[in-house]
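See below for the structure under consideration.
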Amino acid sequence: MSNKSELLLEKAKKYIPGGVNSPVRAFKAVGGIPPFITSALGSKIYDVDGKEYIDYVGSWGPMIVGHRHPQVIEALQKALTKGLSYGAPTEAEIELARMIVEAVPSIEMVRMVNSGTEATMSAVRLARGYTGRDKIIKFSGCYHGHGDFLLVKAGSGATTLGIPDSKGVPDDFARNTITLPFNNLDAVKRAVKSEALKIAAIILEPVPGNMGVILPQEEFLCGLQELCHETGIVLIFDEVMSGFRVAWGGAQSLYGVIPDMTCLGKVIGGGMPVGAFGGKKEIMENLAPLGPVYQAGTLSGNPLAVTAGLETLKILAQPGTYATLEKSSEYLVKEAKKLAQKTSVKTHINRVGSLFTLFFASQEVIDYDTALKSDTVAFSRYFHLMLKGEIYLAPSQFEANFISLAHSQEDLDKTLEVMAKAFKEL
Ligand code: HOZ
């Protein structure tokens, strides 16, 4: 018998390609029907068939304080009564910008946009305008949204669906993108040696989350910083996922490596469509209206989005929040590792702060090639066993899972219980 989600997916497919507005949501990699969601509260999401799930997707990162946090909702309700969008500056934008500048070590000035994709596209344009160079270096499996020149060997949905080099990206665009293995400083040094004066930027997720979570080697991040400093290449950290997530100041504060520019999104919008890019004043002042690099947006700095972001950051700024996230995440992952060790299932769990991926892999997962060696069939079976047990995980081996402040000890223990059963049944 069809459930409501199944019927809705069929209906959606008539009007929306694949029935979804973002590919990973279609569950193609894991099979089955994605639950259609009606509402969410705290650590839980609810579907049209009346099921409740403990949610480890958290809208792919933004819901770090939990769904429908009363402080965020109250502020949004107040903001709603004043107006939805003005296309003109507001005071709240200054407050959000100030908080970002004070929190993120590399950011002296920041511009708000509407998505992470927009943030990375704009950051790369600015780096090109600033340096007068065209080429960029990115890393296999790092995903920076779906801008043409960044959709090369891309992770996330592109890897999940086996299309890391998308059709529709002109060769001329891809030619300016050099793709190298993550965590491999020598490969970067070699590439830079042969073309240093043509390379505008090196862009990376300092903690990649889009080929599953990968731990960066500190020497790799430090080496990139040094290399960029020596050659005038702009180092861009895409912290759309890791910003305000792995630490208040993002991965750059955690590893003590300061890029020239940083891209943000997700958490700073608290669940509304938001992105931002920022960096050194000297670079940011090249943006219109001050400088010759153009970038604009009707809904950029939208008052509702800014309100949700601001309130989320205010909650996160309270003492002890990151320690709580760390404690819950450490507990879940440590216990999950113990469970896996008790069975014959070969897994490796990578975690940085409240971001984690359980890889079905028999070796350490340190980059794209090792991530691709994971057993995606075992992952799919595990995913569905967890879903049946009402645990909602990211529906792909090549994505991160997110823990929020709303996840209680009871949630974590229930998750582990379901996981233990799943490991046995695999
Ligand atoms: N590309 C996102 C995960 N890395 C998925 C976004 C979505 O489907 O909402």
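Only the coordinates and a few stated rules stand behind these numbers; no lab work does. Since the structure is predicted, the reported quantities are computational estimates derived from the model, not experimental observations. Backbone-built Cβ (ideal geometry, glycine too); neighbour counts: all protein chains shown.
Listed from fewest to most Cβ neighbours within 10 Å, the set Arg381, Arg133, Arg175 follows the order Arg175, Arg381, Arg133. Oblate is the label for segment 316-379, because a/c, from the alpha-carbon gyration tensor with a ≥ b ≥ c as root eigenvalues, is 1.5 or above and a/b does not exceed b/c. Residues Lys135, Lys327, ranked from the fewest to the most other C-beta atoms within 10 Å, line up as Lys327, Lys135. Considering only Cys228, Cys263, Cys142, the mean-square fluctuation computed in a Gaussian network model of the chain, springs between alpha carbons under 10 angstrom, is largest for Cys228. Between Lys193 and Glu91, full extension at 0.36 nm per residue minus the direct alpha carbon distance yields a gain of 32.1 nm. Summary value for the chain: 23 percent relative contact order, contacts being C-alpha pairs under 8 angstrom separated by 6+ residues. Counting every other Cβ atom within 10 Å of each residue's Cβ, Trp248, Trp60 order from fewest to most as Trp248, Trp60. Counting only Cβ charges, +1 for Lys and Arg and -1 for Asp and Glu, the dipole size of segment 136-272 around its Cα centre is about 220 debye.
Note that segment 64-153 shows a convex hull volume over its alpha carbon atoms of 165 Å³ per residue. A simple spin-label model places the labels of Thr38 and Gln71 3.0 nm from each other, with each point 7 Å out along Cα-to-Cβ. Proximity of backbone amide H atoms, modeled 1.01 Å from N, is registered between Met211 and Ser156 at under 5 Å, excluding neighbours fewer than 5 places apart on the same chain. Residues considered: Ile258, Ile73, Ile136. Largest GNM mean-square fluctuation over the chain, using C-alpha springs under 10 Å, is found at Ile73. For segment 119-131, 3J(HN,Hα) computed residue by residue from phi via the Karplus equation (6.51, -1.76, 1.60; θ = phi - 60°) reads 5, 5, 4, 6, 5, 5, 4, 5, 4, 5, x, 5, 8 Hz, glycine and proline entered as x.
Can you spot the lysines whose alpha carbon is less than 18 Å from Lys189's alpha carbon? Ignore those fewer than 8 places along the same chain. Counting by Cα, and skipping residues close in sequence, Lys189 has these lysines nearby: Lys135, Lys138, Lys198. Dipole orientation for the chain: of the candidates Ala336, Tyr382, Ser404, Tyr382 has the Cα lying most toward the positive pole (charges on Cβ; Lys, Arg +1; Asp, Glu -1). Ordering Val240, Asn286, Asn302 by Cα displacement along the dipole of segment 211-302 toward the positive end leaves Asn302 in first place; charges were set at the Cβ atoms of Lys, Arg (+1) and Asp, Glu (-1).
Counting 0.36 nm for each residue step from Gln409 to Val377 and taking away their Cα separation leaves a gain of 8.5 nm.
Let me spell out the model: positive unit charges on the Cβ of Lys and Arg, negative unit charges on the Cβ of Asp and Glu, origin at the Cα centre of the chain. What dipole size does that give, in debye rounded to 20?
780
Calculated mean residue ellipticity, 222 nm, the chain: -12000 deg cm²/dmol, from DSSP H runs (n ≥ 4) at -39500 (n - 2.57) each, averaged per residue and rounded to 500.
With an a/c value of 1.5 or above and a/b larger than b/c for the gyration tensor axes a ≥ b ≥ c computed over the alpha-carbon atoms, segment 300-424 is described as prolate.
Cross-link reach is defined here as a Cα-Cα straight distance under 16 Å, omitting same-chain residues fewer than 8 places apart; for Lys14 the aspartates and glutamates meeting it are Glu6. In sequence order, segment 395-409 has phi-based couplings of x, 6, 5, 9, 9, 9, 10, 10, 9, 10, 5, 7, 5, 8, 4 Hz under the Karplus curve 6.51 cos²θ - 1.76 cosθ + 1.60, θ = phi - 60°, and Gly or Pro positions carry x. Mean separation of Cα pairs under 8 Å and 6 or more residues apart, divided by the residue count, gives segment 100-219 a relative contact order of 29 percent.
Tell me, in nm to one decimal, what length is gained between Asp165 and Asp49 on full extension, where the rule is 0.36 nm per residue of separation less the Cα-Cα distance?
38.1 nm
Scanning residues 5 or more positions from Asn302 or on other chains, none has an amide H under 5 Å from its amide H, with H placed 1.01 Å from N in the peptide plane.
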